[in-house]
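One structure below.
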Amino acid sequence: MRSHYKRIGDYVTQIKQKNTDGLVSDLKGININKYFMPSVANTNGTDLKKYRVVAKKQFAFNPMHVGRDEILPIAMLETDDPIIVSPAYVVFGVKDEEQLLPEYLMLWCRRSEFDRNAWFMTDNSVRGGFSWSDFCDMEFPVPHIEKQREIVREYDIVNDRIALNNQFIQELEDTVQTIYKRWFVDFEFPISKKYANSIGRPEIEGMPYKSTGGRMAYSTQYGKDLPLGWQLYELENLVERVCVGFVGTLHSSYCKEEEGVRLLRTTDLSELGMQYAENKFVLPEFHHKNIKSQLNYGDILVARHGSNGMPVIYDRTDESNCLNVIIVKPASERMPSKVVQTFMKSNSAMEQVRVSLRGSVQSVLNTKIVASMKLPYFPHDAVNYVDLSPFSKIQQHIESIRKESELLNKFRLLLFTKISKA
């Protein structure tokens, strides 16, 4: 034990308050990012009075599955209103906040080394359980309270900036969805100069197509009117290729980061874009052998399991490969990455995925489903085409914000290192 490390159990105490009066109904679980989230458990007929209450600045952790998931789901409640958690969870609080800041302890629990130690201490059960006494026996550095406040303050500044960036990204994603709906669902895209001139009305250039009298025609395929000449296309006819990444086990191909090529998996796909902080790496031999699953800038990766249909753009230029995901390789001129991704996130596309997976036991998305997704689109030589450049500009803006967040994340990791030396 390092001399400045202390036993966690000396600073915390377990809390076993139950919701006996039934006054708290906000049931939460804990996600792998170590935040409370709305519970997905079916509580019909469940007596919530047996559940445990968590108050502000108190903690809860799920002691099950630690050995299986190699992470201890633990979170500190930051809101004023109390919540309830499963009776299987462990709830605890800090004994004296003048000795240990709860926020500082939570920072410690976010470190990857903390999860590795927790995993090492799990029992031999199938799920790999982790007990309250195991948690108490873990050790961590406890600097003076003012030093703790300084570290937490620095972390909060970085964290707030990352959160603000994430908010910007979400707003841009919402904006691009709005644009897509207006242009490809409502057909109110700006009229091109070419079309305006073709009908002898140059004054309507830039005005919304349908409401300005742009010519429409009924489509038997679509069952509604479409801009004249437009068709209902299958996605595979608008992109370069739809394929699947490597599927199988490759434990023998894993290697250290400095020795290999980045491997992207379903767990690296998120609503805010591709995550590059916790990737696996594979030997170059594997990468060169599996050409089909090699990635290029702008490819769209789609999760086959779990979040079916969630498309994420690969926005790096370095060599990468992928495992068990569907790859959509866009045709940059015909249908750029951001247009493909925005379509695949649209209500129409998500409904097509839901219908295709209806009745499927394992709910696994395949290339056939993705390739055959249908959308209204303009022909290659149409005069009433859509200028797609705003989509690409928004994507460039998102990538710029994401790069800043990656730098901030690296700084946050440095802060974690600072904690271990505090």
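Starting from the 7 Å offset along Cα-to-Cβ, what nm value, one decimal, do you get for the label separation of SER392 and ASP69?
4.2
³J(HN,Hα) across the stretch 213-226 via Karplus (A = 6.51, B = -1.76, C = 1.60, θ = phi - 60°), whole Hz, x for Gly/Pro?
Karplus-based 3J(HN,Hα) across the stretch 213-226 equals x, x, 5, 10, 8, 6, 10, 5, 5, 7, x, 8, 6, 10 Hz.
Just grab the label-to-label distance for GLU98 and CYS136, each label 7 Å out from Cα along the Cβ direction, in nm (one decimal).
Label at GLU98, label at CYS136, 2.4 nm between them.
State the answer as a single residue: which of PRO82, PHE61, GLY22 lies farthest towards the positive end of the charge dipole of the stretch 1-113, with beta carbon charges of +1 for Lys and Arg and -1 for Asp and Glu, about the Cα centre.
It is PHE61.
Ratio of the stretch 264-351's C-alpha Rg to 2.2 N^0.38 Å, to two decimals? Before the final figure, lay out each step's value.
Details: Rg = 12.9 Å, N = 88, 2.2 N^0.38 = 12.1 Å.
Ratio of Rg to 2.2 N^0.38 Å for the stretch 264-351: 1.07.
May I ask you to give the percent of accessible area on the chain that is carbon plus sulfur, with a probe radius of 1.4 Å?
Values: 11040 of 22080 Å².
Exposed carbon and sulfur together represent 50 percent of the surface.
From largest accessible area down, sort HIS144, HIS305, HIS251, HIS397; use a 1.4 Å probe on the protein chains.
HIS251, HIS144, HIS397, HIS305
Going out from 0 in 5 Å bins, what whole percent of all Cα-Cα distances in the stretch 20-70 drops into each bin?
Answer for the stretch 20-70: a P(r) of 4, 15, 26, 26, 17, 9, 2, 0 percent.
Can you give me the Cα centroid spacing of the stretch 41-87 and the stretch 401-422 in angstrom?
Between the Cα centre of the stretch 41-87 and that of the stretch 401-422, the gap is 28 Å.
Tell me, what HN-Hα J-couplings in whole Hz come from the Karplus equation 6.51 cos²θ - 1.76 cosθ + 1.60 at θ = phi - 60° for each residue of the stretch 33-40, using x for Gly and Pro?
8, 6, 10, 5, 9, x, 5, 9
Keeping all protein chains in place and using 1.4 angstrom, which order do TYR195, TYR233 fall into by accessible surface area, from largest down? Intermediate values should be presented prior to the final figure.
Numbers: TYR195 15, TYR233 35 Å².
Largest accessible area first, the residues go TYR233, TYR195.
If r is the Cβ-Cβ distance from ASP156 to TYR218 and R0 is 41 Å, what FRET efficiency results, to the nearest 0.05? Walk me through the numbers before you get to the answer.
Details: r = 58 Å, r/R0 = 1.41.
The computed FRET efficiency comes out at 0.10.
What fraction, in whole percent, of alpha-carbon pairs in the stretch 1-116 exceed 20 Å separation? Write down the numbers at each step before the final one.
Numbers: 2823 of 6670 pairs.
Beyond 20 Å sits 42 percent of the P(r) for the stretch 1-116.
Return the calculated 222 nm mean residue ellipticity for the chain, to the nearest 500 deg cm²/dmol, obtained by summing -39500 (n - 2.57) across DSSP H runs with n ≥ 4 and dividing by the residue count.
On the way: 11 runs with 132 residues, N = 422.
When only DSSP H runs of four or more count, the value is -9500 deg cm²/dmol.
Set Lys and Arg Cβ to +1 and Asp and Glu Cβ to -1, take the dipole of the stretch 307-422 about its Cα centre, and tell me which of MET344, LEU413, LEU365 lies farthest positive.
Projecting each Cα onto the dipole axis, the largest value belongs to LEU413.
What is the magnitude of the charge dipole of the stretch 1-51 about its Cα centre, with +1 placed on the Cβ of each Lys and Arg, -1 on the Cβ of each Asp and Glu, and no other charges, expressed in debye to the nearest 20?
Numbers: 9 positive and 4 negative charges, 65 e Å.
Value, rounded to 20: 320 debye.
Past the 13 angstrom mark, what percentage of all C-alpha to C-alpha distances in the stretch 61-102 do you count?
Values: 552 of 861 pairs.
That tail contains 64 percent of the Cα-Cα pairs.
Only helices at least 24 Å long along their axis, Cα-based, and averaging -0.5 or more on Kyte-Doolittle count here, so list those DSSP H runs from the chain. Walk me through the numbers on the way to the answer.
Numbers: long enough: 145-180 (52 Å, -0.61); 389-420 (47 Å, -0.30).
Span-like helices in the chain: 389-420.
From the P(r) of the stretch 187-321, can you give the percent of Cα pairs sitting at distances over 22 Å?
On the way: 5092 of 9045 pairs.
For the stretch 187-321, the fraction of Cα-Cα distances above 22 Å is 56 percent.
Rounded to the nearest 20 debye, what is the charge dipole size of the chain about its Cα centre when +1 sits on each Lys and Arg Cβ and -1 on each Asp and Glu Cβ? Write down the numbers at each step before the final one.
Values: 54 positive and 53 negative charges, 141 e Å.
So the dipole magnitude of the chain works out to roughly 680 debye.
Looking at ILE300, MET37, CYS243, which one has the Cα that reaches farthest to the positive end of the dipole of the chain (charges on Cβ: Lys, Arg +1; Asp, Glu -1)?
CYS243
Antiparallel as a % of all DSSP beta bridges within the chain, to the nearest 5?
Working: 47 of 52 bridges.
Antiparallel bridges make up about 90 percent of those DSSP assigns within the chain.
Once the Cα gyration tensor of the stretch 209-276 is found, what semi-axes does its equivalent ellipsoid get, as square roots of 5 times the eigenvalues, in whole Å, sorted largest first?
Working: eigenvalues 412, 46, 20 Å².
Three semi-axes, in Å: 45, 15, 10.
Quick one: divide the alpha-carbon radius of gyration of the stretch 268-422 by 2.2 N^0.38 Å and tell me what you get. Spell out each step's value before the answer.
Details: Rg = 18.1 Å, N = 155, 2.2 N^0.38 = 15.0 Å.
Cα Rg divided by the expected 2.2 N^0.38 Å: 1.21.
In square angstrom, what is the accessible area per residue of the chain with a 1.4 angstrom probe?
On the way: 22080 Å² over 422 residues.
With all protein chains present, the chain gives 52 Å² per residue.
Note down the Stokes-Einstein diffusion coefficient of the stretch 116-229 in µm²/s, whole number, using a Kirkwood radius over alpha carbon pairs, 25 °C, and 0.890 mPa s. Mind showing how you got there, number by number?
Working: Rh = 20.7 Å.
This corresponds to a translational diffusion coefficient of 119 µm²/s.
Explain nothing, just the number: dipole magnitude of the stretch 169-240 about its Cα centre with +1 on each Lys and Arg Cβ and -1 on each Asp and Glu Cβ, in debye rounded to the nearest 20.
Working: 8 positive and 11 negative charges, 100 e Å.
Around 480 debye, computed over the stretch 169-240.
The values are calculated or read from the model by the stated rules, or taken from the named source; none is laboratory data. Not measured: the values here are computed from a predicted model. So basically every Cβ, Gly included, is an ideal-geometry build from the backbone, and we count neighbours across all protein chains shown. Just the protein is used for accessible areas: all its heavy atoms, side chains included, with ligands, DNA and RNA removed. Shrake-Rupley method; radii C 1.70, N 1.55, O 1.52, S 1.80 Å.
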